[in-house]
Amino acid sequence: MPSADPSKDTIAAIATPAGRGGIGVVRVSGPEVPGIAAKVVGKLPQSRHATLVEMRNPRGAPIDQGIALYFPGPASYTGEPVLELQGHGGPVVLGSVLAACIDAGARMAEPGEFTRRAFLNGRLDLAQAEGVADLIEAATEEAARGALRSLSGEFSAAVDSLVAQLTELRALTEASLDFPEEEIDPVHREDLQRRLAAVRDALAEVFSRSRKGSLLRSGINIVLAGRPNVGKSSLLNRLAGDDRAIVTPVPGTTRDTLREAIAIEGVPLNIIDTAGLREAGDEVERLGIERTWREVERADIVVVMTDASAGITAEDRAVIARLPTGVRRIHVFNKIDLAGVPPELRAGNPPEIYLSAKADSGVDLLRSALLQAAGWDRSGESSFVARERHLRALALAGARLEAAAGQQHQLELFAEELRLAQEALAGITGEFGADDLLGEIFSRFCIGK
């Protein structure tokens, strides 16, 4: 029977992916775990010992045989008593075990509810909890490493260090405000300036590492655009390392968008091949061209392709003129094998790259240019897989500190800017936060986590 306070309910869910597998796990968390264990497996297993059990339904009929693990609170994932039942990974078997746990007093967990309880019970801070989801969803090894750094608390520790420096600076400022009749001596004022500069430098470093990591989490959408038969599909195949798109000498072969996920230096990229841009010859091609322009509007980077052997045509100029203002672009001159020119990268805005997708000549220049255009930093510093809300909070804190730098002769305003900066940073780890924010974050988790 659910309680008046849902956070006090005992919850249960299948914690392994849907489908068939050798092993499946049903996870239960909450105060009723001991009673549920007695009903489903006959007893509460010994703490932190794998125990062979027979799982039974409310009528006493056997469901499965497997392993039971009991983790008493608060030293568990959620901070509550946790029971994990490991059995055979068939959907019918796992569904029956879950139903037995619900019949014994649990309720179905909501998405992310186990991790939300870990946060509410102090087992994880909010940034670490988000690191759990990011680790599960990581598309590359580099993204997984960044998510693990956040989960292990490295990102939180960096933010906490900033908060500690701000706390100390605020204390010094407030102490000065306690004696308004006394003039602040130059040495004390210089100390405030020095400490503020140190905090701003540290914040800039954290922001840089977070911005780098955000690319690992969200990936980069790259649209290949241009008139028909300039080699967009050939370039997609070359970047993907496989024949993913049909390539023929006939212009207009590609009628719809084709997406391929790849990774360059561990950075996930979504390469989107599109229909050639020209006056549509039929209704199908017209719809494909409309989709091309929609993809261009949403792109992080547009790779504008032209035929190096033909030069820039009036049709190419029309495509370039219609591109959205401000979109990051790279201009690729393909088919240099036909034009008789070497591969080359010409710096500029936008950069120009001469290559041959067919001969795989100069494609590495494009790979490097894509990372540079996306803002990827090849430095050896580690990254945090930060979310958009983290970046907004860090940027807001930076803006407040910049404003504080201009208010050092008005300590009341100086102190207020420091407070607002600290408030922005505290929201990252969840020292405070609105319930609707927590609901938005954890609703995106998978059920069972």
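Throughout, read-outs are computed from the coordinates displayed, never taken from laboratory work. Because the structure is a prediction, the values reported are computed rather than measured. Neighbour counts run over all protein chains shown; Cβ positions are idealised from the backbone, glycine included.
Would you kindly state how much longer the chain becomes between Gln65 and Ala175 on full extension, computed as 0.36 nm times their sequence separation minus their alpha carbon distance, in nm to one decimal? Show your work: numbers first, answer last.
Numbers: separation 110, 0.36 × 110 = 39.60 nm, distance 6.61 nm.
Between Gln65 and Ala175, full extension yields 33.0 nm more.
Among Cys101, Ala61, Leu85, which residue has its Cα positioned farthest towards the positive end of the charge dipole of region 6-125, with +1 placed on the Cβ of Lys and Arg, -1 on the Cβ of Asp and Glu, and the dipole taken about the Cα centre?
Highest projection toward the positive end goes to Ala61.
So if I place +1 on the C-beta of Lys and Arg and -1 on the C-beta of Asp and Glu, and nothing else carries charge, what would the dipole magnitude of region 12-121 be about its Cα centre? I want it in debye, nearest 20. Show your work: numbers first, answer last.
On the way: 10 positive and 8 negative charges, 15 e Å.
Its charge dipole is roughly 80 debye.
Under a cut-off of 20 Å between alpha-carbon atoms, report the lysines in cross-link reach of Lys358, not counting same-chain residues fewer than 8 places apart.
Counting by Cα, and skipping residues close in sequence, Lys358 has these lysines nearby: Lys232, Lys335.
Of the options Gly362, His390, Asn349, report the single residue whose Cα projects farthest towards the positive end of the charge dipole of region 322-391 (beta-carbon charges: Lys, Arg +1; Asp, Glu -1).
His390
If the chain between Arg392 and Ala310 were fully stretched, how many nm would it gain, using 0.36 nm times the residue separation less the Cα-Cα distance?
On the way: separation 82, 0.36 × 82 = 29.52 nm, distance 4.54 nm.
Length difference between fully extended and current span is 25.0 nm.
For Val332, which sequence-distant residues (separation of 5 or more, or a different chain) have an amide H within less than 5 Å of its own amide H, given hydrogens modelled in the peptide plane?
So Val332 has HN proximity to Val304, Met305, Thr306, Ile353.
Okay, which of region 149-170 sit inside 14 Å, backbone N to the point 7 Å along the Cα-Cβ direction of Arg419?
Counting only backbone N, you get 167, 170.
Extension gain Gln372-Glu110, at 0.36 nm per residue separation less the Cα-Cα distance, in nm?
Going from the current span to full extension adds 90.3 nm.
When we measure straight from the Cα of Lys8, which lysines land under 27 angstrom away, once same-chain ones fewer than 8 places off are left out?
Within the straight-line limit of under 27 Å, Lys8 reaches these lysines: Lys39, Lys43, Lys449.
With a/c under 1.5 counting as rounded, go ahead and sort region 1-105 into rounded, prolate or oblate using the C-alpha gyration tensor (a ≥ b ≥ c being the square roots of the eigenvalues; past the cut-off, prolate if a/b is larger than b/c, else oblate).
On the way: a/c = 1.42, a/b = 1.33, b/c = 1.07.
Rounded, because the longest to shortest axis ratio a/c is under 1.5.
Assuming R0 = 51 Å, what is the FRET efficiency of Asn221 and Ala99, from their Cβ-Cβ distance, to the nearest 0.05?
Details: r = 42 Å, r/R0 = 0.82.
So, using R0 = 51 Å, E works out to roughly 0.75.
Efficiency by 1/(1 + (r/R0)^6): what FRET value for Ala204 and Glu283, r their Cβ-Cβ distance, R0 = 60 Å, to the nearest 0.05?
Working: r = 53 Å, r/R0 = 0.88.
Efficiency, rounded to the nearest 0.05: 0.70.
Which whole-Hz couplings ³J(HN,Hα) result when phi for each residue of region 69-76 is put into the Karplus expression 6.51 cos²θ - 1.76 cosθ + 1.60, θ = phi - 60°, listed in order with x for Gly and Pro?
10, 10, 10, x, x, x, 8, 9
For a protection proxy built on the mean count of beta-carbon atoms within 10 angstrom, sort 100-112, 287-299 highest first, please.
Those peptides, ordered most packed to least, come out 100-112, 287-299.
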